[in-house]
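Since the structure comes first, as C-alpha cells, the remarks are kept for the end.
Each reported figure results from applying straightforward, stated rules to the coordinates on display, with no laboratory input. It should be emphasised that the depicted structure is a prediction, and the values quoted were computed from it without experimental measurement. In this analysis, Cβ positions are derived from the backbone assuming ideal geometry, glycine residues included, and neighbour counts consider all displayed protein chains.
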Amino acid sequence: MTFFSNRKQTIQYTFMRVLIPSLAVTLIVVALLVVLYEKHSAQNKLLISQNSFLSLLDQVLPDDIGNFDSTSAEKLLKALAVNKNIQFIELSDGSGKVIATVGQIDSKQAAPKSRIIKKSTGNGEEKTAGVVHYQLAPANYQKTAVVEIIKAVFLLVILLIVIAIVMLRVYRRNINAPIHRIMDALIENAKGENTVLIDWKSDDEFGTLAAAFNAMQRSLNKNQRFLVESALRYQDLYNKTPALLFSMDTNGVIIDASVYFLRKLGYRKASLIGLTLSEMVCDNFPGKGNEVPDRLVKGGRLANFQTCIRTNTGEKMDVLINTISLRPDSDDETVVTSLCVMTDISKQVHAQDIVFRQAHYDIVTDLPNRFFFSTRFRSLLDTALRVESSVSVIFIDLDRFKWVNDTFGHSVGDALLAEAGTRIKDAVDMKSLVCRFGGDEFIVAVHKSREEVLKSKVAENILRTLADPFRILQHEIHLSASIGIASFPSDGETPDELIGAADTAMYHAKDRGGDACEYYEGDMHERMEKQLHLDSVLRTGIQEERFSLVFQPIVDLNNKSSELFEVLLRFEHPDFPNISPTEFIPLVETTGLIRSIGQFVIRNALLHLHALDNQGDKRYSLTINLSPRQLQDDTFVPFLKNQLQYFKISPKRIILEITENSLMENNVRSEKILEQIRVVGCQIAIDDFGTGFSSLSYLRRFAVDILKIDQAFIQRVPADEADSNLIRGIINMSRELGIAVIAEGVEKKTQYDFLLESGCDMAQGFYFSRPVKPEDIYNNIINF
C-alpha cells in the first residue's frame, strides 16, 4: 500500500491499480478452481483403483480359501499388490486364520478396510469363504495432483502476464499517448507564451477531442488578438478622454488613473498610485473608511455615489462616482478591479446649497426660517416622545421694532434683526434650534422642561442680551422683547399647539408692557379667546354705537373753577360690562382700530363742544388723548384740521395729550406731526409725566404747553417726602419754562392742599368730580 500511496495520481497509474488487482484476483480464482478439480480427480482415480482391486480379488480367489496354501496365497496377493495404491493386504479364512500377508499397515494413512469373501454353495446359498483386510495409499495420487496443479498455475500466470503486457501496450498507444499530447498542449497554452495545437488524429473520442480543442484554440487566438487591440484602444481612450477616470481594487487602493484625473486633482501618477480612496475623501463624508470597497465587494458596482474629496492642493471637490467591476485579477474571484468614473459636481452642489439655504434659511439673519424650523421641530418632538424627554418653545417678539424701521429705515432694521438673531443664538446653548419665525419674531426650541428653562434662566438671558444698546450704522438703539414659553408635552403635543401656546404667552407678556417673559398657563387660551371676542365687538362698536364719551373736569386751583375737561372714551357691551379703557385701548392700538376710534373721539368731542357753543357758552376747552399710533399717521393732522373747521372750533381750545413714550417710538415722525399740530394751533400736553424718560430736552424740543403729573406720584403725597419734593421740583421747573402743570388722580383734601401750597396750576380727580356725561355740562349741574 505504501507503493501505491506514494505514486503520482496519473491515469496510467490508476489503470495499473485496477489492472494488477484484477489479474491477481483472476489468478487466485482460477488456481482455486484447478486445485478443486485435481483433488476431485484424485479421489475419483483412487475410488476406481479400489473398485478394480476388489473386483479382481473376487475373481482370483478360490472358493475354498481355507484349503489355499500360504505360498500360493502370498504369490496371489503380491500379484494383486502390483497396484501402487495398495499399501497392505491380508487374507484370512472363514475362521479368521491368517493365510498370507503382503505389505505393512501405514499408521499415517486411513485405517485398513475389510472385505468379506462369500462363495456360493451347491444349494444356492452363500457362505463366508474368508476375509481380506487392505489399506489404500492415496498419497501417490495426491502427489500427482499437486504436480498437475503447479503446472496449471504456472501456465495461468504466464498467460495473465502476457495479457497484462498486451493491455498495457494497447493502453499506452491508444489512451495514454493522446492524453499526454492533450495535456502537454494545455500546459503549454496555460503558460500564455505560445499557442500550441494538439498533434493527434484518430477516429475515436480522442481524435474528436483534439480536433475540438484545436478549433477552440484557433478561436481563442482570434479573440486574444481582438482583446489586445481593444485593450490598446481602451488604454488610449482611458488616458485621452477628458474625464476623471481611475481604477482601484476591492481595498479601495487606486491602481491607475487617467491623465485628466491627474491634471485635474494635481497629482503625479507615482504619488497617487497606492493611495486609498478613503484617504482622499473629506472628513465626515460618505466614503470615509471602508464604505466604498465594502459596497464594491458586496454589490460589484457603485451608482451615483456622492461624496467630497480633497485634491492634492487641499481644495474640496464635490464628486459623483460611478464604478463597475471589470474582471478577476487572481484565482480568488472576489478580487476584482473596478473602473471608476468621477464627475465634478461642485457647481451643482453649490447651487443646491444656495437653493436649500434660500428655502430653509432667512436671508437677513442667516438663521433657519419658519419652514425649516417646522420640519426640524416635528422631528425633535418625535424624538422626545420616543425617549420620554421634554422640549420647550421660546417665542420672542421684539418690542417697538416698527419704530426702528419707520425711524431709521429698513436697512437699519435688517441689520438690527441680524444682530438680534446673533445675540439670541449666543444666549442659548449650542444644541438649541434658533430661527427667525417672521417679521420681528424669533423662536427657539430647547431640550429642556419648563423647570429646566426656569432654572437655567434662558429667557432672562435673552431679555438681558437684547436690552443692551444696538449700535447700527452710527445709531444707538434701545430695544426690548416680549417672550412666551410653552413646554412639551404639558402645554401641547404637536408643533402647532406648542407654537400657538408660546405665541399666546408672548402676547400676555406684551400686554404687561413688554420686556417681560410669560410661561404658558392653561387659562391663557381662554383669555386669548376673550381678547379675540373683544377685538370682534370693538370692530363693530362704532356702527353699533357702543362707544361714548365722558368728560372729567380739570379744576383751576386758584379760582376753583373748571373750564377745561379731559375727554375720556367708554365702551359698553353686555359681554364686557364696565370694561376700562386700559383694557381695550392697547388692543385697538395693536389691531389698528385706533385710527377709526381716534377719529370718532375727535369728531364727537368737537360735536359736544360745538353744542355748548350753540348755547352761547364758549368758555370751555377740551384735552384729548392721542395714541402713539396717531402720531405716526400722516392723515391725522388733515383730519383734525378738517373737523375743527367743520365745527367752527378754535384750535386754541383743544389740547392734545401725548405720552413720553410715544415721543420716543419715532421722534422724527412724531416731531413732524407735532409741528403740524402746532401750526394748526392746538396746544400740546405731556400725559403721565414722570413715568417715562422725563427728558427736559423733549420739553424744549417739542414746545410743550402743559405737563400732567402722573397720579402714581400724587397718591403718595404729602406723606412721601421724596415724591413731594419731586412734585415741587416739577412744578417749579415748569413755572420757569412757562409750562402749566396739571396734577392727575387727586382724591384727598390733603393732596389738594399740598398741590395748592406747592403752586400747582390745575388738578383733576375724584376729589373734585368723577367723569360726567355731556348732558351734565349742558345743564351746568357739575358740583365740585
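Please sort by residue number the trypsin sites (Lys or Arg not before Pro) in the stretch 383-466 whose DSSP state is loop and whose Cβ has at most 10 other Cβ atoms within 10 Å.
Loop-located and lightly packed - Lys431.
So what is the 222 nm mean residue ellipticity for the chain from helices alone, if each DSSP H run of at least 4 adds -39500 (n - 2.57) and you divide by all residues, rounding to the nearest 500 deg cm²/dmol?
Result for the chain, helices only: -16000 deg cm²/dmol.
Give me a comma-separated list of calculated 3J(HN,Hα) values for the stretch 25-33, in order, Karplus coefficients 6.51, -1.76, 1.60 applied at θ = phi - 60°, integers in Hz, x for any Gly or Pro.
5, 4, 4, 5, 4, 5, 4, 4, 5
Of Lys402/Lys510; Lys431/Lys455; Lys97/Lys118; Lys618/Lys652; Lys347/Lys425, which ones are farther than 19 Å apart at the Cα?
Among Lys402/Lys510; Lys431/Lys455; Lys97/Lys118; Lys618/Lys652; Lys347/Lys425, the Cα-Cα distance tops 19 Å for Lys347/Lys425.
So what's the net charge close to Gly413: Lys and Arg +1, Asp and Glu -1, counting the other residues with Cβ under 10 Å from its Cβ?
-2
On a 0 to 90° scale, report how tilted helix 177-190 is relative to the longest principal axis of the chain, with both axes built from alpha carbons and the result rounded to the nearest 10.
For 177-190 against the chain, the angle is about 20 degrees.
Counting only residues 5 or more places away or on other chains, whose amide H sits under 5 Å from the amide H of Asp366 once H atoms are built in the peptide plane?
It is none; the list stays empty.
Just to check I understand the Karplus step: with θ = phi - 60° and J = 6.51 cos²θ - 1.76 cosθ + 1.60, what whole-Hz values come out for the stretch 343-351, glycine and proline as x?
10, 7, 10, 4, 5, 5, 5, 5, 5
So what's the convex hull volume per residue for the Cα atoms of the stretch 546-781, in Å³?
Here the figure is 130 Å³ per residue.
Pull up all non-local amide H partners of Leu564: gap of 5 or more, or a different chain, and H-to-H distance under 5 Å with H placed in the peptide plane.
For Leu564, the qualifying residues are Ile554, Ser621.
Check which residues have an amide H placed less than 5 Å from Tyr361's amide H, if you skip close sequence neighbours.
Excluding prolines and chain starts, which carry no amide H, the hits are Asn369.
Would you mind getting me the FRET efficiency between Ile175 and Thr241? Use the beta-carbon distance for r and R0 = 51 Å, nearest 0.05. Could the numbers behind the result be given before it?
Numbers: r = 55 Å, r/R0 = 1.08.
After rounding, the FRET efficiency stands at 0.40.
Can you give the Rg to Rh ratio of the stretch 366-521, both from alpha-carbon atoms, with Rh computed by the Kirkwood formula?
With Rh from the inverse mean 1/r over Cα pairs, Rg/Rh is 0.97.
What do you get for the angle between helix 495-511 and the principal long axis of the chain? Use alpha-carbon atoms, 0 to 90 degrees, nearest ten.
Rounded to the nearest ten degrees, it is 20.
Any cysteines in the chain with zero other Cys Cβ atoms under 4.7 Å from their Cβ? List them, or say none.
Cys340, Cys435, Cys517, Cys682, Cys760
Please list, short to long, the whole-number percent of alpha-carbon pairs of the chain in consecutive 20 angstrom bins beginning at zero.
That works out to 10, 20, 16, 10, 10, 8, 8, 6, 5, 4, 1, in percent per bin.
Using the Karplus curve 6.51 cos²θ - 1.76 cosθ + 1.60 with θ = phi - 60°, what ³J(HN,Hα) values do you get for each residue of the stretch 146-153, in whole Hz, with x for Gly and Pro?
Taking θ as phi minus 60°, the curve returns 4, 4, 5, 5, 4, 4, 5, 5 Hz for the stretch 146-153.
Taking the chain as the reference, fit the longest principal axis to its C-alpha atoms, fit the long axis of helix 524-539 to the helix C-alpha atoms, and give the angle between the two in degrees, 0 to 90, nearest 10.
Computed tilt is about 50 degrees.
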